[in-house]
Amino acid sequence: MKYISTRGESPPLSFTETLLAGLAQDGGLYLPEAYPCFSQDEIARLAGKPYADVALAVIAPFVAGEIEAGALRRMIEAAYAGFRHPAVAPLAQIDSNIFALELFHGPTLAFKDVAMQLLARLIDHALKARGQRATIVGATSGDTGAAAIEAFRGLDQVDVFILYPHGRVSDVQRRQMTTVDADNVHAIAIEGNFDDAQACIKALFNHKTLRDELGLCGVNSINWARIVAQTVYYFTSAAVLGGPRRPISFATPTGNFGDILAGWIAKRMGLPIERLVIATNSNDILPRALASGTYALGGVHATQSPSMDIQVSSNFERLLFEAHGRDASALRGKMASLQQSGSFAIEKGPLDAIRAEFDAFSVSEAETTQEIARTWRESGYLVDPHTAVGLSAARLTHAREPETPIVALGTAHPAKFPDAIEIATGARPRLPGHLADLFDKEEHFSILPNDQREIERFIQARARRTSKRAAS
Ligand SMILES: *Cc1c(COP(=O)(O)O)cnc(C)c1O
């Protein structure tokens with residue numbers, strides 16, 4: 001299978017090349033040349049299978065000819081063996097025909113583990129086959145960094161450098177990054193905000209000699225392999241609820257649009273999905289775009305669901321590319337306009353195509369708190385603020401179409417955001433057993449100024465790839 005860029009000016013790549021590249025050189029995002037398709041019978045046969053079996057069936061066509069089935073199976077099994085629930089992603093019933101898909105049973109309690117645990121093994125495998133090393137760099141406002149550190153720690157072929165804004169991530173999130181004791185892991189607190197950290201990572205990738213010297217590799221949510229790993233749980237949850245014989249709707253707490261895009265891909269692959277509901281907090285660029293046809297940047301608002309506090313929803317570019325009939329030049333125009341003026345228009349045809357499959361709701365802070373309280377009061381179930389945003393949007397869709405089961409994606413464990421939950425319910429969720437000692441462990445991190453040169457020097461001095469070169 002070959003992968004093409006949404007901007008049309010980079011050559012098609014193999015799966016492995018796409019995996020290691022992350023972003024295309026032309027600034028675009030990779031998509032497969034064609035989507036593998038499953039028949040209704042093939043999907044029906046997934047019901048009742050272990051998560052790893054479904055993952056193997058769903059992912060194999062995307063890596064065909066590059067990763068041998070036995071190796072893929074071993075990586076998938078190892079990735080999900082560390083989840084604390086045997087079903088990996090179990091469903092909980094919240095109300096008649098409303099369900100929560102628990103994606104937070106991985107090591108760092110957020111859904112990012114589901115993709116990152118597999119991504120790390122795929123990258124390590126690809127590098128070993130090529131006899132190469134790589135340096136993983138990423139900026140995080142919390143969840144991605146913890147998931148990446150947990151997934152890549154101790155792997156032979158990679159060093160990991162995660163930048164986070166000093167003093168601006170939660171205590172749980174910081175400790176998940178700083179208490180991991182592995183030589184190849186480096187948590188860096190930069191004296192700046194998340195946008196500064198992100199800008200620093202972008203600058204690292206734009207520094208071509210450094211990029212090649214260190215073998216820089218990005219693991220943020222635009223990496224295609226992460227999206228593929230996320231399509232799996234749309235299949236497993238639909239199968240539990242009687243899909244493909246009846247359509248299911250999904251409401252997905254959305255920031256960078258990776259998770260909900262995975263649902264759209266599952267639909268392209270043959271899974272009958274009725275509605276895909278984009279649920280955002282007050283950072284509502286997507287609901288505004290779907291309502292008005294104008295995608296326009298606004299300011300970032302800090303909310304109780306910080307993993308969705310974004311200004312640009314990067315993966316939306318992939319959906320736009322498809323909605324424009326894969327017209328890369330149209331996409332280049334839109335992205336140039338976004339860069340120059342902070343907005344672009346979506347014409348009627350593509351807009352109608354998107355509206356035919358997606359709804360979008362913005363959930364306010366007060367509504368998020370009310371949803372946490374209501375779900376606790378009525379169903380005795382604690383949800384974190386991100387999941388609450390999804391559930392709130394799910395209820396709106398359910399009121400319109402009560403016959404269709406709707407699944408809200410549960411993207412974080414309530415114990416990751418105990419303050420918001422205590423305010424809403426009076427109950428304070430406790431960390432699961434494997435993290436109970438998180439606040440007793442020693443922290444390791446470096447504080448660096450928001451200075452590109454200094455951050456580069458820090459990474460160069462510690463990435464094993466360069467120190468070897470420097471020594472020879
Ligand atoms: C990253 C994240 C999201 C948003 O997912 P996207 O793929 O960026 O849309 C939602 N909830 C939690 C808890 C997250 O960590």
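Spin-label pair residue 183-residue 66: with each label point 7 Å from Cα along the Cα-Cβ axis, the two points sit 3.0 nm from one another. By DSSP, the beta bridges lying fully in the range 274-386 are antiparallel in about 40 percent of cases. Extension gain, residue 41 to residue 442: 0.36 nm times the residue separation minus the Cα-Cα distance gives 139.2 nm. Hey, with R₀ at 41 Å, roughly what FRET efficiency would residue 33 and residue 84 work out to, going by the Cβ-Cβ distance, to 0.05? Between residue 33 and residue 84 the formula returns 0.65.
Packing-based ranking of 113-121, 349-357, 4-12, 406-414 yields 406-414, 113-121, 4-12, 349-357, ordered from highest to lowest mean Cβ neighbour count within 10 Å.
On the beta carbon distance between residue 422 and residue 294, with R0 = 41 Å, the FRET formula returns roughly 0.60.
Using all pairs of distinct alpha-carbon atoms, the Kirkwood hydrodynamic radius of the chain works out to 22.5 angstrom. Each part gets one Cα centre, and for the range 169-209 versus the range 32-100 those centres are 31 Å apart. Working from label points 7 Å from Cα in the Cα-to-Cβ sense, the residue 434 to residue 53 distance is 2.3 nm. Phi-derived couplings, Karplus 6.51 cos²θ - 1.76 cosθ + 1.60 at θ = phi - 60°, listed residue by residue for the range 426-436: x, 9, 10, x, 9, 5, x, x, 5, 10, 4 Hz, with x used for Gly and Pro.
Around residue 346, with a cut-off of 13 angstrom between Cβ atoms, what is the net charge of the other residues, counting Lys and Arg +1 and Asp and Glu -1? List each step's numbers first, then the result.
Details: positive: 288, 334, 348, 355; negative: 317, 322, 327, 347, 352.
The answer is -1.
Sorted on the mean count of surrounding Cβ atoms within 10 Å across their residues, most packed first, peptides 247-257, 22-32 read 247-257, 22-32. Beta bridges per DSSP, both residues in the chain: antiparallel share near 25 percent. Taking only DSSP H segments of four or more residues, each worth -39500 (n - 2.57), what value at 222 nm results for the chain once the sum is divided by all its residues, to the nearest 500 deg cm²/dmol? Value at 222 nm, helices only, nearest 500: -14000 deg cm²/dmol.
Using the beta-carbon distance between residue 462 and residue 329 and R0 = 56 Å, what value does 1/(1 + (r/R0)^6) give for FRET efficiency, to the nearest 0.05? Write down the numbers at each step before the final one.
Details: r = 42 Å, r/R0 = 0.75.
Once the sixth-power term is evaluated, E becomes 0.85.
For residue 429, the shell of other residues with beta-carbons less than 14 Å away shows a net charge of -1, using +1 for Lys and Arg and -1 for Asp and Glu. Taken along the Cα-to-beta-carbon direction at a fixed 7 Å, the label points for residue 357 and residue 193 span 3.4 nm. Against the compact-protein benchmark of 2.2 N^0.38 Å, the Cα-based radius of gyration of the range 82-142 scales to 1.52. Restricting the calculation to Cα atoms, every distinct pair contributes to the Kirkwood radius of the range 388-472, found to be 18.2 Å.
Each Lys or Arg adds one and each Asp or Glu takes one away; over the other residues whose Cβ falls under 10 Å from the Cβ of residue 234, this sums to 0. Counted over the range 295-404 with a bin width of 10 Å, the fraction of Cα pairs per bin, in whole percents, is 12, 33, 31, 19, 5, 0.
FYI, it's all coordinate maths here, none of it is from the lab. Treat the numbers as computed from the prediction; the structure is a model and nothing was measured. Every residue, glycine among them, receives a Cβ derived from its backbone with ideal geometry; neighbour counts consider all protein chains shown.
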